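Right, one structure below, let's go through it.
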Amino acid sequence: MKRLILAWVCGALVMASCGKSNASASDSAKEKVEKAVVADSAETKGVVKTANVDSSLPKGIPATAKLADEDEEMAVYLNVEEKGKDIYDNDVTSVWVYWKEKDEVKKLLTTTKDNGEWPTIDATAKVVKPSSIHAVFEAKIQPYSDDKLMIQGCPDSRHVFSYLVDIKKNEFLLLPTTQGVLGFTSEEGYIVAQSYKYHDDPDRAGRFTVIYILSDDGKVMKTIPME
């Protein structure tokens, strides 16, 4: 009987010890998890994780860049470096070019916040500094050319600024159009753009569209008013 009681007491002590040991192990594992979470949180503090990152991008192109246009020889990417605070604050965007055969990458420009440089859109095209470009929402490769792009942006929430970019010369030509480039003629590669003008007749209030056909160096070849 004494042996039976002693065995029962020993068994109870062993179970209690195991339970304590399991609890300690559980507490220890929980503590490790909590420490890991804290460490991960500290390590990633201030880091923005971007979803839908394209791992197939060429080496040298930012992982968050989006393909804007491409042909057999090259591809153009836009990358938002910094989001605007609201609809009146433009994104900071960089423009990248990738040459497929040479496997080379070049950053053409990064848009700037309003720094006082605001070129006016004149009746003729003119070369401007890339530091005066405050917004880019579109980039297209000019047909029949392996070294020119068309980039466009709307920095003032009113006009579309269109630039013909000579990649080799690193030259930015501001085109004489206020409402953007519609496209290119299929056979010649001429630029088809639009602007607006106000009616001269006081009885006809408002604006009307003017279509421009521009050469591949930005010169006005034909004007078609739509009044």
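Relative to the Cα centre, what is the charge dipole magnitude of segment 67-188, using +1 at the beta carbon of each Lys and Arg, -1 at the beta carbon of each Asp and Glu, and rounding to the nearest 20 debye?
Taking the Cα centre of segment 67-188 as origin, the dipole is about 440 debye.
Looking at this model, which pairs from 59/85; 140/169; 102/169; 66/126; 59/129 are more than 25 angstrom apart at the alpha-carbon?
Flagged as over cut-off: 59/85; 66/126; 59/129.
Each label point is 7 Å from the Cα along the Cα-to-Cβ direction; what then is the distance between the points at residue 217 and residue 70, in nm?
3.3
So for each of 159-167, 194-202, 146-154 I average, over its residues, the number of other beta carbons within 10 Å; can you give me the resulting order with the highest mean first?
Taking the mean over residues of other Cβ atoms within 10 Å, the ranking is 159-167, 146-154, 194-202.
Positive end of the charge dipole of segment 110-227 (Lys, Arg +1 and Asp, Glu -1 on Cβ, about the Cα centre): tell me which of 112, 170, 191 has its Cα farthest that way.
Value computed over the given set: 112.
Multiply the residue gap between residue 126 and residue 100 by 0.36 nm, knock off their C-alpha separation, and tell me the result in nm, one decimal place.
Full extension from residue 126 to residue 100 adds 6.3 nm.
Any idea which of 132, 221, 205 is furthest toward the positive side of the dipole for segment 108-225, if Lys and Arg beta-carbons carry +1 and Asp and Glu beta-carbons -1?
Result: 132, furthest along the dipole toward the positive end.
No value in this document is a laboratory result; all are computed from the given coordinates. For clarity, every value in this text was computed on a predicted model and none was experimentally measured. All Cβ positions, glycine included, derive from the backbone under ideal geometry; neighbour counts span all protein chains shown.
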